[in-house]
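Colleague: Here it is: the structure, laid out below.
The values are calculated or read from the model by the stated rules, or taken from the named source; none is laboratory data. Since this is a predicted model, take the numbers as computed values, not measurements. Note: ideal-geometry Cβ built from the backbone for every residue, glycine included; neighbour counts use all protein chains shown.
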Amino acid sequence: MPIVMRLDRMLAQRKITSKELAARVGVSEVTVSCIKRGRIQGIRFAQLEAFCQVLRCKPGDLIDYVEP
């Protein structure tokens, strides 16, 4: 799939664990793990907004398009 999630990269840059992000956003650790691994079909804008608020980033920092 040409759209990839870069959540793992942003977590490392911000020095925040998946567990901490899940607690601050209000989602399960399993949800964060699935998003990190790219095993999702979609993401709610509310979740994306919450991730961006906690990580102080833009949606484009978390989602990338890679040429097939």
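Colleague: Among the helices (runs of 4 or more DSSP H) contained in the chain, which hold 1 or more residues that are exposed (fewer than 12 other Cβ atoms within 10 Å of the Cβ) and of a type outside the set (A, V, I, L, M, F, W, C)? Before you say what the answer is, go through the steps one by one.
Modeller: On the way: elements: 7-14, 18-25, 29-37, 45-55, 59-62.
Because the criterion is at least 1 residues that are exposed (fewer than 12 other Cβ atoms within 10 Å of the Cβ) and of a type outside the set (A, V, I, L, M, F, W, C), the helices (runs of 4 or more DSSP H) in the chain that meet it are 18-25, 29-37, 45-55, 59-62.
Colleague: Select from segment 14-59 the residues that are at pLDDT 95 or above and within 16 Å of PRO2 (Cβ to Cβ) and list them in ascending order.
Modeller: Listed by number, the list is empty, since nothing qualifies.
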